[in-house]
Each structure stands twice: as C-alpha cells, then as structure tokens.
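See below for the structure under consideration.
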Amino acid sequence: MPTPRIVRSAIAAGAAGTAVLAGVAGPATPALAAATMTLSTANGPSGGGNSIIGTIPGTTAYPSPIAAGTVPTVQFQYTGVGSTACAATPKSVTQISGSGVNTTAGAVTVDPANVYRLSGTRIGFTVPAAAYPLTDGNGQSSTVNDTGLVLLPTQTTAKWFVCVYDSVSNALIANANYTLAVRPTISTILPGSGPALGGQTVTINGTGFLSGTTATIGGNPLTGVKVSPTGTSITGTTPAHAAGDNQTVSVTSTGGTVASTDPDNNGLPEDVDPATDDAPRYYAFTNGIVIMPNTAPSGSGINVDIEGAGLGALDFDLTGTGAPTDGHAHVFLVRDAYDPNFNRGVQECVSIVPVDDGEIICTLDLSTSLDSTTSAPQVSPVLDGTYTLTVVATGDSLANLSDANPTIVASGATFTVGPY
C-alpha cells in the first residue's frame with residue numbers, strides 16, 4: 001500500500017519552477033559540488049509508493065543547499081552499464097530496460113507534487129508509483145514507466161541513483177544510492193500455532209526474502225531468523241507471547257514489509273480474484289505452560305516451577321486463605337482437560353509465589369486431594385497416574401470455559417504421580 005504523502009511545508013510562490021527541462025539552464029549560480037545525501041531508508045519496494053526523507057549536509061559556503069522558495073527536482077537514474085554517477089543535469093525521462101539482471105537504461109522523475117522542501121538541508125519525496133509526466137507530447141496517457149520505479153521481471157534487486165537538482169539552475173546538488181527490491185509476500189506459516197512460552201521453530205514461506213530479513217509475530221520479533229538460498233522461506237524461533245489467536249505475522253526485507261493480513265502485499269482488501277491469494281494468515285499462541293519437576297510420589301509434597309506467558313497478569317490469591325472455587329486464578333492438577341463444571345482437578349497447587357510475568361512457583365500437596373467435580377477437600381491422597389498441571393484465570397465453578405481460560409493439555413505440563 002503506498003505510504004501516505006508527507007505533509008507539505010509552506011513553499012513560496014517561486015516553487016512553480018520545478019518542471020524538468022533537460023539541458024535548459026536557469027540563471028547562473030555559484031558552482032556547488034554535489035553532496036552525498038543521507039536517506040531515511042536506502043531501499044524500498046519495486047513499484048514505489050514509499051516516502052523518504054533526504055538530508056543534504058550544508059557547508060560553510062552553502063549552509064542551505066536547498067534554496068528557500070524552491071523545491072528541487074528529484075530523479076532516479078539507473079546504475080549499470082554506461083551510468084556510474086548522477087548526470088550533471090536532469091536526464092530526459094527514459095523507459096527502464098535491461099539485459100538479464102542488469103539494468104541498461106532508465107530515468108524516472110519524481111512528480112514535483114510529491115517533493116517537499118522541509119528545510120534548507122532536508123527534503124521529502126515519494127518514490128514514483130506511476131508515470132511522470134502523466135501525458136506524452138500528444139496529450140495521451142504516458143506509457144513510459146507507467147508503473148513507476150520497478151524492477152525488471154528478471155530482477156530481485158537493482159541499484160539506482162537518487163539525484164537531486166536545483167530547480168532554478170538544474171545543477172546537481174546531492175546524490176545517494178538506493179536499492180530497489182521485490183516486495184515480500186507470505187504464502188504459508190508452518191506450524192500455525194505454538195506455545196505462549198515461545199521457543200517454537202516456525203517456517204514462513206513466500207517470496208522476496210533477501211539477506212537480512214526480519215520477522216515478528218504478534219509484534220514480538222522472531223529470533224535466529226535464517227533465509228533460504230532461494231529467498232522463498234525463512235525460519236525463526238517464536239518469542240514468548242500471551243496466549244491468543246489471530247496474531248499477525250510481519251516480515252521485513254529489502255523490498256519493504258508484508259503483513260499476513262495482506263499476504264500478497266497488494267495493499268487491497270481480501271477479494272475473490274483467483275489471480276491473487278490475499279486471504280489473511282494468522283498464528284496462534286496457545287495457552288500452554290512448562291513445569292519442573294514433573295513427577296512426585298503419592299503422599300508427598302513438592303514445589304513446582306511453572307513457566308508460561310502472561311502469568312503476571314493473573315489475579316492469584318497470595319494470602320493463602322482463598323477457596324479453590326473463588327474468583328481468583330488457580331493452579332489445578334487435572335486428569336485430562338479442565339472443565340469448571342465437572343472436571344476441576346484432583347488437587348490445587350497453592351502458596352503461589354510470582355517470580356515474573358512468565359514464571360510462578362507453587363506447592364503441591366499430594367497427601368490430600370479434591371473432589372474433581374466440586375473441589376471439596378478429600379482426606380485421601382492423590383492417586384497414582386498421569387495428570388496435567390493447569391492454570392485457570394478463575395476458579396469460579398459457575399464460570400464458563402472461556403472465562404476460566406485453562407492452559408492447554410500439552411506435554412510440557414504433564415505431571416506424573418507414582419512410586420520411584
């Protein structure tokens with residue numbers, strides 16, 4: 001989706017002289033050596049539409065390279081055979097062409113309406129996403145670079161010069177290097193879910209994943225990201241994240257950022273066009289925990305360390321006076337899956353000690369038990385067997401399963417009661 005235009009600064013009436021007329025010189029001005037301009041981003045997607053801030057260093061002689069009341073001409077000129085630097089004056093607009101992966105021609109002028117003088121040393125401009133001028137000499141819609149600054153079909157990246165010219169004299173005042181790259185897309189996310197504790201290896205398939213690609217899930221970065229040699233997949237390890245469905249996956253590469261809410265990266269809402277594949281793709285952080293230790297003999301007592309995500313947000317009873325059926329969060333030892341109406345657990349892990357948002361410690365007494373339906377205390381010990389330690393947001397027996405939000409039955413939360 002094209003980046004919104006930068007808000008135009010107030011420009012004096014003299015800004016009207018911004019049209020590109022190659023070879024037509026304005027009034028004589030003192031010679032000014034072209035400076036190296038710093039770009040807010042030195043790369044962007046094929047097709048343009050992104051906005052960039054350029055900073056041109058001033059000198060003692062020329063503290064404000066961009067004269068007040070003017071808006072400079074900005075042009076993209078190809079890097080390749082026969083082009084080793086910005087031309088001394090603006091080039092005529094030229095169709096982008098090449099041979100194989102090499103660009104051999106191309107000059108694309110930024111529409112003056114999309115160039116902004118922000119100060120004497122700073123400009124803003126939008127990378128062309130359409131032809132400029134809009135019409136040809138016959139008044140017809142221009143077909144020269146009508147899709148803006150784009151890659152050749154054989155390219156995944158290409159180098160370009162950003163050339164800035166004084167709009168009065170047409171003299172080159174600044175230049176910079178810019179890398180054009182294919183826009184990334186997302187096709188699949190495998191697996192589509194993993195534990196809230198993180199640590200799950202995820203593969204994101206798509207296109208346009210170049211060296212240095214990064215990714216986030218639910219706003220948190222994947223770690224250890226590796227890019228396949230073909231640029232069609234990346235792998236990484238999920239972060240810890242509070243449990244939740246519909247987590248957006250975002251991938252940033254040289255050609256820009258793609259979100260799994262718009263996986264084909266066309267900036268348009270989901271549609272039924274079979275030529276596009278833009279149905280949103282999401283990742284789910286499952287409400288899981290990992291416990292240690294995970295076994296103890298019947299009749300014993302043991303301290304259990306529980307790691308998860310978002311545990312610090314739960315309202316545990318830290319006084320030790322609450323009942324297993326109150327509205328506080330609880331930790332239960334459950335046979336199979338927790339259900340507040342009929343399978344509440346055979347014992348509660350009490351004396352909660354919060355460590356941080358992702359860890360708590362509790363004490364499990366296996367010498368007594370709870371009625372699994374009512375949570376009434378029982379004098380009999382917890383029977384030998386395999387259970388799951390489950391954290392619930394509320395112990396209220398009238399709460400529905402969604403309100404209780406129990407952690408899932410998972411291998412990391414399995415607890416075995418049995419003889420050594």
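The values are calculated or read from the model by the stated rules, or taken from the named source; none is laboratory data. This structure is a prediction, so every number in the text was calculated from the model and none was measured. Here Cβ is always computed from backbone atoms with ideal geometry, including for glycine, and neighbour counts include all displayed protein chains. Please note that ligands, DNA and RNA were not included when accessible areas were found on the heavy atoms of the full protein model with its side chains. Shrake-Rupley method; radii C 1.70, N 1.55, O 1.52, S 1.80 Å.
Structure values in brief
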{"read-out": "Cα gyration tensor category, rounded, prolate or oblate, for region 159-245 with a/c compared to 1.5", "value": "prolate"}
{"read-out": "Packing-based ranking, highest mean first, of 53-60, 155-162 given that Cβ atoms within 10 Å are counted", "value": "155-162, 53-60"}
{"read-out": "Among N405, N138, N246: highest mean-square fluctuation, GNM of the chain, C-alpha pairs under 10 Å", "value": "N138"}
{"read-out": "1.4 Å probe accessible area per residue over region 236-332, in Å²", "value": "44"}
{"read-out": "Accessible surface of the chain, 1.4 Å probe, proportion on carbon and sulfur as whole %", "value": "57"}
{"read-out": "Cα centroid separation, region 215-274 to region 58-86 (Å)", "value": "36"}
{"read-out": "Rounded if a/c under 1.5, otherwise prolate or oblate - region 283-389, Cα gyration tensor axes", "value": "rounded"}
{"read-out": "Förster radius 25 Å - calculated FRET efficiency between D356 and R335 (Cβ-Cβ, nearest 0.05)", "value": "0.25"}
{"read-out": "Whether the chain is rounded, prolate or oblate, judged on the alpha carbon gyration tensor where a/c under 1.5 counts as rounded", "value": "prolate"}
{"read-out": "Region 264-368: chymotrypsin sites (Phe, Trp or Tyr not before Pro) in DSSP loop, at most 12 other beta carbons within 10 Å", "value": "F342"}
{"read-out": "Highest-fluctuation residue, T203, T79, T321 considered, GNM on the chain with Cα pairs under 10 Å", "value": "T321"}
{"read-out": "Estimated distance in nm for a label pair at D326 and K226, the labels positioned 7 Å out from Cα along Cα-to-Cβ", "value": "5.0"}
{"read-out": "Region 136-220, accessible area per residue, ligands and nucleic acids excluded (1.4 Å, Å²)", "value": "40"}
{"read-out": "Under 5 Å, built H, 5+ apart or other chain: amide partners of G148", "value": "A130, A131"}
